[in-house]
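Everything on this sheet refers to the single structure shown next.
The values are calculated or read from the model by the stated rules, or taken from the named source; none is laboratory data. Remember, it's a predicted structure, so these values are computed and weren't measured experimentally. Don't worry about glycine lacking a Cβ; one is built from the backbone with ideal geometry, like all the others, and counts go over all protein chains shown. These area figures cover heavy atoms from the full protein model, side chains too; ligands, DNA and RNA do not enter into them. Shrake-Rupley method; radii C 1.70, N 1.55, O 1.52, S 1.80 Å.
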Amino acid sequence: MNYTLRIWRQENAEAKGSMVTYKVSGISPDSSFFEMLDILNQQLIEGGQEPVSFDHDCREGICGTCSLYINGRPHGPVKGVTTCQLHMRSFKDGDTITIEPWRAKAFPVIRDLIVDRSALDRIIQAGGYVSINTGGVPDANSIPVPKEQSDDAFDAAACIGCGACVAACANAAAMLFIGAKVSHLALLPQGEIEAEHRVMKMVECMDGLGFGGCSNTYACEAECPKGISVTNIAILNRGFLTASLMKQKEKPSKGDSL
C-alpha cells in the first residue's frame with residue numbers, strides 16, 4: 001500500500017513548525033502505524049535527512065505516550081485503541097494521512113510529534129495518591145468493598161494518562177483525566193478519607209497549568225482509548241462542589257474570634 005504523509009515538523013519548542021509532505025510505498029496492511037513511521041524514517045536516514053521524532057514507549061512496556069493526532073483524531077480513526085494498535089489496513093491505498101502532535105497549550109511541543117505531557121504528572125503529584133501511612137500491606141479481602149463500587153473504581157483506574165481527552169477537547173480540558181484519578185481513589189475506602197483535599201488540590205493545579213474548562217461535548221469520552229466515562233467528570237464536579245462548600249464553612253466569619 002502507498003501513502004502520502006503530511007507530518008508536522010518542528011526542530012524544538014522555540015522553532016516555528018510546518019507541515020512537510022512525504023511519500024511511502026510498499027507498506028504492508030498488517031503493519032502498525034509506528035512500523036510505517038519506522039519505514040519512513042529509514043528512508044529519510046538513508047537520504048541524509050533528519051528522521052521524524054515521535055514517542056513510542058509502548059515498545060518499552062509503557063502505555064500512553066504515543067501522542068499522535070491522526071487525520072484530526074487522537075490516536076487515529078479506530079475507536080478504543082492507542083496508536084500502537086492502529087494498523088495500516090485502517091486506511092485505504094493512496095490515502096493522504098495528516099499526522100500532528102497533541103494540540104494543547106499545556107502540552108508544548110518538544111520536537112516534531114513529541115509533546116511534553118509532564119503537566120499530567122504534576123496534577124498527580126498535587127493530590128492523585130493516598131498519603132496515609134497504613135503500615136504493611138493488608139490482605140486483599142481485609143477491607144470489604146461492594147462489587148459495583150470496586151468495578152467502577154477499576155474502570156476509572158484503567159486511565160493510562162495518554163492525554164487524548166485533552167487533545168480531543170476544544171478547550172483542551174483535563175477534566176476526564178482528573179475525574180478518572182479522583183474516582184478510582186474516592187470510590188474506595190483507602191482513598192475516601194482524603195477525597196475533599198485531593199479534588200481541590202488537583203483542580204487547582206490543573207487551572208494553574210493552562211488547561212481549559214469542560215463544556216460537556218463528550219469528545220473526551222469518544223476519543224479515550226480506555227473508554228473512560230464522563231460520569232467520572234460528574235463525580236469530580238460533585239466532589240469539588242462539596243469540598244468548596246466545606247472549605248467555605250470552615251472559614252471564620254468576621255464576628256468570630258481567632
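Summary table
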| quantity | calculated |
| --- | --- |
| Residue in the range 210-231 that is most open to solvent (accessible area, probe 1.4 Å), counting only those that are among the β-branched types (Val, Ile, Thr) and in contact with an Asp or Glu (Cβ under 7 Å, 6 or more places away or on another chain) | VAL230 |
| The range 20-39: number of residues that are open to solvent by less than 60 Å² (accessible area, probe 1.4 Å) and over 23 Å from VAL81 (Cα atoms) | 3 |
| Selection status of PHE154, among the aromatic types (Phe, Trp, Tyr), modelled with pLDDT of 90 or more and not assigned by TED's automatic domain parsing to the domain that holds SER67 | yes |
| Residue in the range 89-107 that is under 18 Å from VAL166 (Cβ atoms), open to solvent by 60 Å² or more (accessible area, probe 1.4 Å) and not assigned by TED's automatic domain parsing to the domain that holds GLY227 present | yes |
| Condition met for VAL81 (in a loop (DSSP other than H, G, I, E, B), among the aliphatic types (A, V, I, L, M), within 16 Å of GLY163 (Cα to Cα) and in contact (Cβ under 8 Å) with a residue 24 or more places away in the chain) | yes |
| Residues (surrounded by fewer than 16 Cβ atoms within 10 Å (Cβ to Cβ), among the β-branched types (Val, Ile, Thr) and either assigned to a loop (DSSP other than H, G, I, E, B) or modelled with pLDDT under 95 (or both)) located in the range 40-77 | ILE62 |
| Hits in the range 13-36 (condition: aromatic (Phe, Trp, Tyr) and either more than 24 Å from CYS63 (Cα to Cα) or part of a strand (DSSP E or B) (or both)) | TYR22 |
| Residue that is part of a loop (DSSP other than H, G, I, E, B) and over 14 Å from the mean Cα position of the chain (by Cα), where the choices are ILE110, ILE132 | ILE132 |
| Residue that is surrounded by the fewest Cβ atoms within 10 Å (Cβ to Cβ) [pool: residues in the range 4-18 that are under 12 Å from ILE97 (Cβ atoms) and over 24 Å from the mean Cα position of the chain (by Cα)] | THR4 |
| Scope the range 159-209; condition touching a strand residue (DSSP E or B) at 6+ places or on another chain (Cβ under 6 Å) and open to solvent by 40 Å² or more (accessible area, probe 1.4 Å); matching residues | ASN171 |
| Some residue of the range 243-252 being open to solvent by less than 20 Å² (accessible area, probe 1.4 Å) and touching a residue at least 12 places away in the same chain (Cβ under 8 Å) | yes |
